[in-house]
Amino acid sequence: MNALELHKKIEENAGLLIFGILLVSAIGGLVQVLPSLFQESLSTPLSGTRVYDAVELTGRDIYIREGCHVCHSQQVRPLVAEVERYGPYSRAGEFVYDRPFLWGSKRTGPDLHRIGGKYSDIWHEVHLLDPRQVVPESIMPAYPWLAERPAAGVGDIQAKLRVLRRLGHPYADADIAAAPQRLEGLREIDALIVYLQMLGTGLDADAADAADAHGGH
Amino acid sequence: MQRQNPEIYEDRVVVRLVQFSVLWAVLGMAAGVWVAAEFLWPTLDFGQFWLSFGRLRPLHTNAVIFGFGVSALMATGFYSVQRTSHVRLFLPGLAWFCCYAWQLVVLLGGLSLLAGWTSSKEYAELEWPFDIAIALIWVCFGIVFFGTIARRRIRPIYISNWFYGGLIIVIAMLHIVNSLALPVTLDKSYSLYAGAQDAIVQWWYGHNAVGFLLTGGFLGMLYYFLPKQADQPIWSYRLSVVAFWAFTYSYIWAGPHHLHYNAVPEWVQSTAMVMSLVLLAPSWATLINGVMTVSKAWAKLKRDPALKFIVLSLAFYGLATFEGPMMAIRSVNVVSHFTDWTIGHVHSGALGWNAMVTYGTFYFLVPRLVGAELHSTRLANLHFVLALAGTLLYILAMWASGVSQGLLWLSVDRLGELSFGFRDIMAGMRPYYGLRLVAGLLFWGGTLLMAYNLFMTLRGRRTVAVSPPPVAEPWRLERGAAGIATERARA
Ligand code: HEM
Ligand code: HEM
């Protein structure tokens, strides 16, 4: 049976057509995506990478809720200008506790992967409440409501930590038990700033460079 | 009514879906215009969390893609699968369920985005309760669609159905795999994948949602309605078949071109780049097929605004599918990634291709559904001019700002020092954002004209009852469900 005849069969048989589409469209994913899910280098933390604590995780969830990621990337590419502008380029191992990943696709604002430690907490607070106070030409939105809401109101922190533990994040029982207390008295903006200040700080750049030179590309 | 005539096409659900689609076009693009204005006046959210850019932008993309786009695809899919199968829709009740359940998901999903429920994954933002609902509705869509094909009275399965079929099957696969997550509460879940792996899975989904929905799904629309409007058969049926399989095979690989120079393995990026270049071939094969098909109908093109929209959409389809592979080359992507260039590319596809081919189809379809003339051809021609001007202006403005951003961000002097600060570059883009806003208003204004025009065409009219014409010999198929239909007619 030649190709044309086979094709005539598919053309006249709905079941074959469905099967054909499924098969042909699955190949790419099976060869390209599936192996990456088992690639250890993509799921092994760097030496300085740790799980988010209760406050950082809450800050991160606020970041997601407000859609900061639609304007800010968290991915410094290995290019001279980017490393100059933002800091050491991003490594896969730094993101193994990121569910979901927040690399972004658009830089309406600057990259934030290495924002930790760049500004003071106060600068961030003023900036988040009204960006134009510190950067007059800024087109970033203001987030006044973050100062009005308690951080403890951002979902059930213990349930979150338990779910993440089931996904393999090493939280101890004590971490989970103490979580609500750690959020007490904090506003949403405080938690968000704690998150921003720890972003990208887990990287020992020299050690990572050495490792790259050794085994990397 | 139906008992006297057991076999008329179920077209009322088509009319309803067209109405919803137009409604979402108006609302979703209004959100787009609003978001575009926030680039110029960031205080336009008035301190209201639900008008904040980070929530309104996903609302825009969800309303246009899933509200406007998918409703249009369901409408035209249901319409064309009946005509190409010569049989009434399988389980019309289920089709009505798909219609209303989908609108409910888009509406409540949109509100949930404003409330801050989001998975953050682009084009898959809706949280897990919606993901489950979407999967169920999608399966129902598939049952109606493939059920109709299974009961068809004509041997070959026409090419448009393959593309709609690809839309249904592949999107189901992508959606289910990418949405896997452990729920915490109703409004929050954590992805089953983390970090770089999450990124690879997400862009496998994200790119192919573009591929099999915004490109493939709408190609289904094109393959049915272009030959109908041009009154010509497809120029080369065989070419369309080859292009279909090449498209289905190669698109799936291209996702990681969204992750060039990101922290994912280089071989993954390379396969994506190569496959994106390969994609040019089936994409342009389709373009050539379309252009050759209309080339015999130039006379009609001058008079008929519906055909004009469709032909123009082909041009922008060609542009977007040429630009895309170029942007997938790593050395080009270094400049375009993260900039407004991507936004320009998106909207040359979204406005120039998706919206235009749909507009052309609606101008053709709606009068036919109610057996009347279009309310106003003049308004439709005016719409055409507005849509063309809006799209061109949008793309040009974003090319200018995108290429500037890309080059200025990367520019370093001889000592390796950055030449420009981020904030200065940002401030310099203001004029382009102004042009984009004007472009959006033009395009949205045109869409409003269409909404009015179609409303006046439909007003006070009933959907005409159409029966399947008999199928001529070598192609007639008498078996199974078609037989059942005959028996019911006798009873
Ligand atoms: C052969 C066809 C195409 C190829 C190879 C292609 C390639 C690309 C590339 C390389 C990007 C930029 C990714 C990045 O740097 O972040 C992109 C973005 C995009 N393209 Fe295409 N494109 C094609 C056709 C289309 C068409 C017809 C549409 C229809 C609307 C479309 C919609 C999009 C969207 C929505 C994005 C933005 C994704 C995001 O970052 O959120 N593309 N495409
Ligand atoms: C009046 C018409 C429209 C206007 C003014 C408009 C405006 C916008 C704006 C301002 C953005 C955000 C860009 C950014 O963050 O830099 C955007 C994003 C987007 N729009 Fe539209 N839009 C319109 C129509 C459409 C249509 C009809 C579609 C799809 C069928 C569409 C699909 C998208 C997508 C997919 C994105 C996200 C792009 C990305 O992440 O790379 N838009 N739009």
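Quick look at the numbers
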{"item": "Residue match in region B:291-300 (condition: in contact with a His (Cβ under 9 Å, 6 or more places away or on another chain) and among the hydrophobic types (A, V, I, L, M, F, W, C))", "result": "no"}
{"item": "Which numbered condition A:GLN75 misses (of (1) closer than 30 Å to B:ARG414 by Cβ; (2) polar (S, T, N, Q); (3) more than 14 Å from the chain's Cα centre (by Cα))", "result": "(3)"}
{"item": "First in region B:299-310 and more than 9 Å from B:ASN381 (Cα to Cα), second anywhere and among the basic types (Lys, Arg), Cβ under 8 Å, 6 or more apart", "result": "B:LEU301/B:LYS308; B:LEU307/B:LYS300"}
{"item": "Every pair of residues 6+ apart whose Cβ atoms lie under 8 Å, when the first sits in region B:214-226 and is more than 14 Å from chain A (Cβ to nearest Cβ) and closer than 18 Å to B:GLY142 by Cα while the second is hydroxyl-bearing (Ser, Thr, Tyr) and within 13 Å of ligand 2 (Cβ to nearest atom)", "result": "B:PHE218/B:THR358; B:MET221/B:THR358"}
{"item": "Residue that is farthest from the other protein chains (Cβ to nearest Cβ), among those in region B:29-50 that are buried (at least 17 other Cβ atoms within 10 Å of the Cβ) and touching a residue at least 60 places away in the same chain (Cβ under 8 Å)", "result": "B:MET29"}
{"item": "Helices (runs of 4 or more DSSP H) contained in region A:26-108 and holding at least 2 residues at the interface with chain B (Cβ under 7 Å from one of its Cβ atoms) and surrounded by fewer than 21 Cβ atoms within 10 Å (Cβ to Cβ)", "result": "A:80-86"}
{"item": "In region A:116-156, the residues that are away from chain B (no Cβ under 12 Å), among the β-branched types (Val, Ile, Thr) and either out of contact with any helix residue (DSSP H, G or I) (no Cβ under 6 Å at 6 or more places or on another chain) or part of a loop (DSSP other than H, G, I, E, B) (or both)", "result": "A:ILE122"}
{"item": "Search result, residues across region B:65-98 that are surrounded by fewer than 22 Cβ atoms within 10 Å (Cβ to Cβ), at negative phi and not aromatic (Phe, Trp, Tyr)", "result": "B:ILE65, B:ARG83, B:THR84, B:ARG88, B:PRO92, B:GLY93, B:LEU94"}
{"item": "B:PHE322 near ligand 1 (Cβ under 9 Å from one of its atoms) and within 14 Å of another protein chain (Cβ to nearest Cβ)", "result": "no"}
{"item": "Count of region B:329-355 residues which are within 14 Å of another protein chain (Cβ to nearest Cβ) and either under 21 Å from the mean Cα position of the chain (by Cα) or of a type outside the set (Val, Ile, Thr) (or both)", "result": "14"}
{"item": "Options A:ALA174, A:ALA159; residue that is surrounded by fewer than 17 Cβ atoms within 10 Å (Cβ to Cβ), at the interface with chain B (Cβ under 8 Å from one of its Cβ atoms) and either in contact (Cβ under 8 Å) with a residue 12 or more places away in the chain or not in a loop (DSSP other than H, G, I, E, B) (or both)", "result": "A:ALA159"}
{"item": "Exclusive hit being among the small types (Gly, Ala, Ser), assigned to a helix (DSSP H, G or I), closer than 21 Å to B:LEU388 by Cα and within 21 Å of the chain's Cα centre (by Cα), set B:SER295, B:SER283, B:SER276, B:SER313", "result": "B:SER313"}
{"item": "Filter result for the condition that a residue is modelled with pLDDT of 95 or more, in contact with a Phe, Trp or Tyr (Cβ under 8 Å, 6 or more places away or on another chain) and within 16 Å of ligand 2 (Cβ to nearest atom), over B:VAL335, B:VAL346, B:VAL385", "result": "B:VAL335"}
{"item": "Residue within region B:439-459 that is among the basic types (Lys, Arg) and free of Cβ contacts under 8 Å to residues at least 12 places away in the same chain present", "result": "yes"}
{"item": "Check on B:THR358, within 16 Å of ligand 1 (Cβ to nearest atom), of a type in the set (Ser, Thr, Tyr), within 26 Å of B:VAL464 (Cβ to Cβ) and part of a helix (DSSP H, G or I)", "result": "yes"}
{"item": "Pairs where the first residue, in region B:374-398, is within 14 Å of another protein chain (Cβ to nearest Cβ) and the second is within 16 Å of ligand 1 (Cβ to nearest atom) and β-branched (Val, Ile, Thr), C-beta under 7 Å, 6+ apart", "result": "B:MET398/B:ILE343"}
{"item": "Test: residue in region A:84-107 that is in contact with a Pro (Cβ under 6 Å, 6 or more places away or on another chain) and among the aromatic types (Phe, Trp, Tyr)", "result": "yes"}
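This table checks each residue for (1) touching a Pro at 6+ places or on another chain (Cβ under 7 Å); (2) at pLDDT below 95.
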residue	(1), (2)
B:SER401	no, no
B:GLY406	no, no
B:TRP409	no, no
B:ARG414	no, yes
B:GLU417	no, yes
B:PHE422	yes, no
B:ALA427	no, no
B:GLY434	no, no
B:ALA439	no, no
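The values are calculated or read from the model by the stated rules, or taken from the named source; none is laboratory data. None of the values given here were measured: they were computed from a predicted structure. Ideal geometry is used to build each Cβ from the backbone, glycine not excepted, and the neighbour counts take in all protein chains shown.
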